[in-house]
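All remarks here apply to the structure that follows.
The values are calculated or read from the model by the stated rules, or taken from the named source; none is laboratory data. Predicted model, so just to flag it, every value in this text is computed and none were measured. A quick note on method: Cβ atoms are made from the backbone with ideal geometry, for glycine too, and the neighbour counts reach across all protein chains shown.
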């Protein structure tokens, strides 16, 4: 695509693909993907918050769970692929904070949809998209 734009003489600009979350009008959890630890701990109190640290561990765990889930489904084409994202998350023991402050906001942003509907999406479709677009890094 870059080459195509170059042949057309289109000027290009670098862009920032950072992401941030603020729950409950700033009174809940806040974090961001930009600026390293200062973005991650946008709310300084999160550095001492066990729930926040659990969410960080769950983000790391998520990649492994997703890759295993997708491998199982791709190696067994007859497996049911109608499981919802909510069922996947609950069956793997993820916390409410992981859902509310990480997974739901990311999915709602990607699919430009209300947060309320995200958990009803197909787990297989969402998780495949995340893997295929390098969102598990």
Next item on the list: State whether the residues of the range 23-45 include one that is under 18 Å from residue 109 (Cβ atoms), assigned to a loop (DSSP other than H, G, I, E, B), in contact (Cβ under 8 Å) with a residue 40 or more places away in the chain and in contact with a helix residue (DSSP H, G or I) (Cβ under 7 Å, 6 or more places away or on another chain).
Entry: yes
Margin query: So for the range 101-120 (the condition being over 21 Å from residue 28 (Cβ atoms), in a loop (DSSP other than H, G, I, E, B) and touching a residue at least 24 places away in the same chain (Cβ under 8 Å)), does at least one residue qualify?
Written below: yes
Note to self: Can you find a residue that is over 21 Å from residue 110 (Cβ atoms), at pLDDT below 95 and surrounded by fewer than 10 Cβ atoms within 10 Å (Cβ to Cβ) anywhere in the range 51-65?
What the structure shows: no
Check: Is there a residue being in a helix (DSSP H, G or I), under 24 Å from residue 17 (Cβ atoms) and modelled with pLDDT of 95 or more anywhere in the range 74-85?
Finding: yes
Check: What is the number of the single condition among (1) outside any loop (DSSP other than H, G, I, E, B); (2) under 23 Å from residue 29 (Cβ atoms); (3) out of contact with any helix residue (DSSP H, G or I) (no Cβ under 6 Å at 6 or more places or on another chain) that residue 98 does not meet?
Finding: (3)
